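Enquirer: Before anything else, here's the structure in question.
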Amino acid sequence: MGKFQARAVGKGDYDGIRKQIVEVLEQPGYDDGSAGPVLVRLAWHASGTFSLVEHNGGSNGAGMRFGKERDDPANAGLVHAIEFIMPIQAANPWITHADLWTLAGVTALEAMKGPKVPWRPGRTDYDDESHADDHRGNIGDRLPDGALGADHLRHVFGRMGYSDQEIVALSGAHNLGRCHADRSGFDGPWVVNPTRFSNQYFKLLSTRKWTPRKWDGPFQYETIVAGERLMMLPTDMALMEDPEFKKWVLIYAKDQKKFFEDFALAFGKLIELGVDRDDSGFSRLVNKAAREGKPLDKVGGGCPFASAIKQGKTELDKNPRESKL
């Protein structure tokens, strides 16, 4: 593959942007040869700061471009993801950073054989760091800490309006990528093939014997599969120790189709939280689901987009309103 060259496409040509994101994914000198996992992580971390109580945070604004959020230890290494796709935004300034980051995440997920996730444009960017500070407030310590347990997971995800089922589904993102000792302190991949999305994470979590790793780094678990050392964090093991979480781990370990459907709904909800457009359509469903602490397909009357996800459709609105900051 030659050196990637970003190209200008017509305003609103999101398919053209998607094609260029796919071209960026092959990165022979980075991690396992793919930018895919770190792009999913970028979308996740850009969105996972939302708070229902304070109603700030979330993917709107692309605050990780500025000091406080960029320098959060939980976001270590995400500068690589931003740099991978920055040429696309430079060639197409009509797309906001916030839209590009989330679109890159769902596009990369699908390219790595994962489910199609509902996505719609309309996010806006903060003008500068003071704008971000004024709107976001203190969003530190809102992302999951891998060293903690079940109560911590419920606190972090409950703040965004997630149920136990959704917490486990979103944890399945650990099918992708690896930890780095020079970033989080933890080290290693969760699965043998960390650039292909599947339910292997749940299968390994529920069937392998995991033992504490003897090393100089933070406490984590390990097992050997096909001659390769794999890892699990304390938060991963908490999913098997907590009865309600474990129930969903076992379901997803047996049923990849169910996992893909639930992950698509939960991730689609995640990247939409805090994006205030109007009170209709997908935005209304996401906000209602968050307030009620339910998955999208369990909101009163059901989610009309759930059936679309099962059919592999993700186009929700060709002309959504721009979000408000």
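Enquirer: Against the conditions (1) under 21 Å from the mean Cα position of the chain (by Cα); (2) over 15 Å from Asp255 (Cα atoms), where does Trp215 fall short? Just the number, please.
Expert: (1)
Enquirer: Among the listed residues Gly58, Gly12, Gly29, which satisfies the condition of being touching a Phe, Trp or Tyr at 6+ places or on another chain (Cβ under 7 Å) and part of a loop (DSSP other than H, G, I, E, B)?
Expert: The match here is Gly58.
Enquirer: Val225: buried (at least 19 other Cβ atoms within 10 Å of the Cβ) and either within 15 Å of Asp31 (Cβ to Cβ) or modelled with pLDDT of 95 or more (or both), yes or no? Write out each step before concluding.
Expert: Details: buried (at least 19 other Cβ atoms within 10 Å of the Cβ): no; either within 15 Å of Asp31 (Cβ to Cβ) or modelled with pLDDT of 95 or more (or both): yes.
Against the criterion (buried (at least 19 other Cβ atoms within 10 Å of the Cβ) and either within 15 Å of Asp31 (Cβ to Cβ) or modelled with pLDDT of 95 or more (or both)), Val225 does not qualify.
Enquirer: Name the single residue that is nearest to the chain's Cα centre (by Cα) among those in segment 32-64 being at pLDDT below 95 and surrounded by fewer than 23 Cβ atoms within 10 Å (Cβ to Cβ).
Expert: Ser51
Enquirer: In addition: Given (1) surrounded by fewer than 19 Cβ atoms within 10 Å (Cβ to Cβ); (2) part of a loop (DSSP other than H, G, I, E, B); (3) among the aliphatic types (A, V, I, L, M); (4) in contact with a Phe, Trp or Tyr (Cβ under 7 Å, 6 or more places away or on another chain), identify the lone condition not met by Met237.
Expert: Condition not satisfied by Met237: (2).
Enquirer: Mind listing whichever residues of segment 1-31 are surrounded by 13 or more Cβ atoms within 10 Å (Cβ to Cβ), in contact with a strand residue (DSSP E or B) (Cβ under 7 Å, 6 or more places away or on another chain) and not acidic (Asp, Glu)?
Expert: Matches in segment 1-31: Leu25, Gln27.
Enquirer: For segment 240-292, how many residues are β-branched (Val, Ile, Thr), under 19 Å from Phe50 (Cβ atoms) and assigned to a helix (DSSP H, G or I)? So that I can check it myself, show each step before the final result.
Expert: Initially, segment 240-292 is screened for residues β-branched (Val, Ile, Thr), giving 249, 251, 271, 275, 286.
Narrowing further to those that are under 19 Å from Phe50 (Cβ atoms): 271, 275, 286.
Now narrow it down to the ones that are assigned to a helix (DSSP H, G or I): 286.
Total satisfying the criteria: 1.
Enquirer: Name the one entry in Gly140, Gly161, Gly77, Gly149 that is touching a Phe, Trp or Tyr at 6+ places or on another chain (Cβ under 9 Å) and of a type in the set (Gly, Ala, Ser). Before you say what the answer is, go through the steps one by one.
Expert: Details: Gly140 fails: touching a Phe, Trp or Tyr at 6+ places or on another chain (Cβ under 9 Å); Gly77 fails: touching a Phe, Trp or Tyr at 6+ places or on another chain (Cβ under 9 Å); Gly149 fails: touching a Phe, Trp or Tyr at 6+ places or on another chain (Cβ under 9 Å).
After applying the criteria, what remains is Gly161.
Condition check ((1) in the same structural domain as His45 (by TED's automatic domain parsing); (2) under 25 Å from Asp262 (Cβ atoms); (3) surrounded by fewer than 20 Cβ atoms within 10 Å (Cβ to Cβ); (4) of a type in the set (A, V, I, L, M, F, W, C)) across all residues:
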| site | (1), (2), (3), (4) |
| --- | --- |
| Gly77 | yes, no, yes, no |
| Met86 | yes, no, yes, yes |
| Leu100 | yes, no, no, yes |
| Pro118 | yes, yes, no, no |
| Pro121 | yes, yes, no, no |
| Asp134 | yes, no, yes, no |
| Tyr162 | no, yes, no, no |
| Ser171 | no, yes, no, no |
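Enquirer: If you don't mind, another one. Please note which helices (runs of 4 or more DSSP H) are completely contained in segment 75-137 and include at least 3 residues that are among the hydrophobic types (A, V, I, L, M, F, W, C) and in contact (Cβ under 8 Å) with a residue 40 or more places away in the chain.
Expert: Passing ranges, in order: 78-91, 97-111.
The values are calculated or read from the model by the stated rules, or taken from the named source; none is laboratory data. All values derive from a computational prediction rather than experimental measurement. Every residue, glycine among them, receives a Cβ derived from its backbone with ideal geometry; neighbour counts consider all protein chains shown.
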